[in-house]
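Notes follow the structure.
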Amino acid sequence: MRADKVLKLKSVLSAQQNTFVRQTQLNQSSVRASFQVAKLIATNGRPFSDGEIVKKCMNAVAEEVCPDKKDVLNAVSLSASTVTRRIEEMGDNVYAQLQE
């Protein structure tokens, strides 16, 4: 009886921990995707506001192809200010590497 209760509590704890790990992985994936899109925008010389159009396109495709993944794509931040910040961070990183 007591051993069953301990096993049940362990499984609940494990499920809670997995939820936090999955959310962290989702956040990291969203940030990496945001950086990748910002890099594409910068390398193609596009206006930083194009990130918003890209996001609308991604959402349109997700609705048709994989509606269950739409929330994941919505987590990717591609506003003009975010794209600007990402490109500045990448530029600062390249500059720091060149300094070294």
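Using a probe of 1.4 Å, the accessible surface attributed to VAL61 totals some 90 Å² when neighbouring protein chains are kept in position. Listed peptides 39-49, 87-97 appear in the order 39-49, 87-97 once ranked by packing, highest mean of other Cβ atoms within 10 Å at the front. Here the accessible area is traced with a 1.4 Å probe on the protein chains. For the chain, carbon and sulfur cover 58 percent of it.
Residues LYS69, LYS10, LYS55, sorted by accessible area with the largest first, give LYS10, LYS69, LYS55 [1.4 Å probe; ligands and nucleic acids excluded]. Which residue, PRO67, GLN36, THR84, has the largest displacement toward the positive end of the dipole of the chain when charges sit on each Cβ (Lys, Arg +1; Asp, Glu -1)? Farthest towards the positive end: PRO67. Note on the chain: Kirkwood radius taken over Cα pairs, Stokes-Einstein applied at 20 °C and 1.002 mPa s, translational D equal to 133 µm² s⁻¹.
The values are calculated or read from the model by the stated rules, or taken from the named source; none is laboratory data. This structure is a prediction, so every number in the text was calculated from the model and none was measured. Every residue, glycine as well, gets a Cβ built from its backbone with ideal geometry; the counts of neighbours run over all protein chains shown. Surface accessibility is based on the protein's heavy atoms, side chains included, excluding ligands, DNA and RNA. Shrake-Rupley method; radii C 1.70, N 1.55, O 1.52, S 1.80 Å.
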